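Enquirer: Quick one: this structure, given as structure tokens, is what I'll be asking you about.
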Amino acid sequence: MKKLLTIISILFFLSVSARKIVVGSGQPVTSFKQAVSMANDKDTILLNAGVYREGNIAITKSISLIGIGDPVLDGEKKYEILTVSGKDITISGITFRNAGYSALNDYASIKIIDASNITVENNTIFNAYFAIHVSNTSYAVIRNNNIAGSPKSEQLTGNGIHLWKSNHALIDGNHVRGHRDGIYFEFVSFSTVQNNLSENNIRYGIHFMFSNDDVYFNNTFRKNGAGVAVMYSKKVNMEWNHFEENWGGSAYGMLLKDISDSYIQHNTFFKNTIGLHLEGTSRMEIRLNLFKENGWAIKVQASCEENNFHHNNFIGNSFDVGTNGTLVLNTFSHNYWDKYEGYDMNKDAFGDVPYHPVSMYSMIVEENPNSLILLRSFIVNLLDKAERAIPSLTPENLVDDRPMMKPNKL
């Protein structure tokens, strides 16, 4: 009985000790900075509607900061707005605007450093250098934020959501646009990126560097400068994403550089200059994807090996596959190619004649890009048909021995 009374007393003390501090015009506390100074661990600060211009504010206590009626924290184009360090901190329902810029410091609307169990959700952030900057942090949740940058150049614009040396992060349901990279991961592991829209960014919709054991799925990357890049990483699962309308001289839906032991499946590559570009890539499973109306559906550099492309659909692309070498160490099988003109005499759903997806003309364009002006000319079509019948210039072993007669179910 005594033990039970002790537990009840502790719970009662904790419930009494956790306070709600209301901030705003007409309240006992009118300064946000004062409320943060007053707060103790487990307190909640309710920030009422209004514009608060109080410079940089540091949060190091385990508190919740909740906006009521869309309050605004304004950095006046001079200050980093919130600097967060600690654990068990929530920031929700606030508009951040006009964070400062510095050539020496990565100023952000919200900077999270040396922290754990941090939640940043349902906020609006605009006109920032970096919007949300996270470093050396575990178990961060960045969810349902609306982020809009003011794009200038790569050097003068930071990333929308930037993570460095972190783990077990969840990036979910954010809309990011107008930054250098929409989402940036460097040395980030065991993390998930899902349900985000990253569009109209100067460089990449998402940029992975040295980040292993991560998952990103059900995201849309649209109209970014160069699409998406995943570099120097391994064990990354990329599934159910949309890579759309990433056009330009060096643009692609997704670039893979020095990545291995990963999966790319159930994705849609639609209207990109290059749907999927692989360089120095090995042991990848690339399956059940749709490549539609791209310039090149896939470019596989000679430095790639042991990659398996199967059960994908290739529809309406100018070129199905491009390469810069003749030695091919990758396999293609059970793909549907809309340019395939073979037959199926035994009605087993597979073409009886192998399909060579690399056209002679694509090899010429690889060496001399100016020859692209001859695309869809009669003579080019004639030469390509002759090359498919008797391959001599294209890689002989880059072939799909079991092309599908009908599109795969993705």
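Enquirer: Suppose every K and R has +1 on its Cβ and every D and E has -1 on its Cβ; what is the size of the dipole of the chain about the Cα centre, in Debye to the nearest 20?
Expert: The calculated dipole for the chain is roughly 1620 debye.
Enquirer: Oh, and also: Per residue, how much accessible area does the chain have with a 1.4 Å probe, in Å²?
Expert: Numbers: 18200 Å² over 410 residues.
So the chain comes to 44 Å² accessible per residue, rounded to a whole number.
Enquirer: Could you please report the charge total around D41, scoring K, R as +1 and D, E as -1 over all other residues with beta-carbon less than 13 angstrom from its beta-carbon? Intermediate results must be reported in sequence, preceding the final value.
Expert: Details: positive: R19, K42, K61, K87; negative: D43, D88.
Once positives and negatives cancel, what remains is +2.
Enquirer: In addition: If you keep only loop residues by DSSP, which trypsin sites (Lys or Arg not before Pro) in segment 287-351 have at most 13 other Cβ atoms within 10 Å of their Cβ? Walk me through the numbers before you get to the answer.
Expert: Values: sites: R287, K292, K299, K339, K347; in loops: K339, K347.
Of the trypsin sites (Lys or Arg not before Pro), the ones in loops of segment 287-351 whose Cβ has at most 13 other Cβ atoms within 10 Å are K347.
Enquirer: Counting only protein heavy atoms and a 1.4 Å probe, tell me what percentage of the chain's accessible area is made up of carbon and sulfur.
Expert: Of all accessible area on the chain, carbon and sulfur atoms account for 55 percent.
Enquirer: The chain: longest stretch without exposed GluC sites (Glu not before Pro) (DSSP loop, at most 14 other Cβ within 10 Å), sites themselves excluded?
Expert: It works out to 155-340.
Enquirer: A further question follows. Whole percent per 5 Å bin, from 0 to the bin with the longest distance: what is P(r) over all C-alpha pairs of segment 278-358?
Expert: 3, 14, 25, 25, 20, 8, 4, 1
Enquirer: Can you tell me the 0 to 90 degree angle between the C-alpha axis of helix 378-389 and the longest principal axis of the chain, rounded to 10?
Expert: Its long axis makes an angle of about 80 degrees.
Enquirer: Any chance you could tell me what percent of the C-alpha pair distances in the chain go past 28 Å?
Expert: 54 percent
Enquirer: Here is a further query. What ³J(HN,Hα) values, in whole Hz, does the Karplus curve 6.51 cos²θ - 1.76 cosθ + 1.60 give for segment 245-250 when θ = phi - 60°, with x put for Gly and Pro?
Expert: Karplus values, whole Hz, x for Gly and Pro: 6, 9, 10, x, x, 10.
Enquirer: Considering the options I161, S116, M38, tell which one lies farthest towards the positive end of the dipole of the chain, charges being +1 on Lys and Arg and -1 on Asp and Glu at the Cβ, about the Cα centre.
Expert: M38
Enquirer: Dipole of segment 142-206, Cα-centred, from +1 at each Lys and Arg C-beta and -1 at each Asp and Glu C-beta, to the nearest 20 debye?
Expert: Numbers: 6 positive and 5 negative charges, 22 e Å.
Using only the charged Cβ atoms, the result is roughly 100 debye.
The values are calculated or read from the model by the stated rules, or taken from the named source; none is laboratory data. Bear in mind the structure is a predicted one, so any value in this text is a computation, not a measurement. Cβ coordinates were reconstructed from backbone atoms using ideal geometry, including for glycine residues, and neighbour counts include every protein chain displayed. The area values use the complete protein model at the heavy-atom level, side chains included, leaving out ligands, DNA and RNA. Shrake-Rupley method; radii C 1.70, N 1.55, O 1.52, S 1.80 Å.
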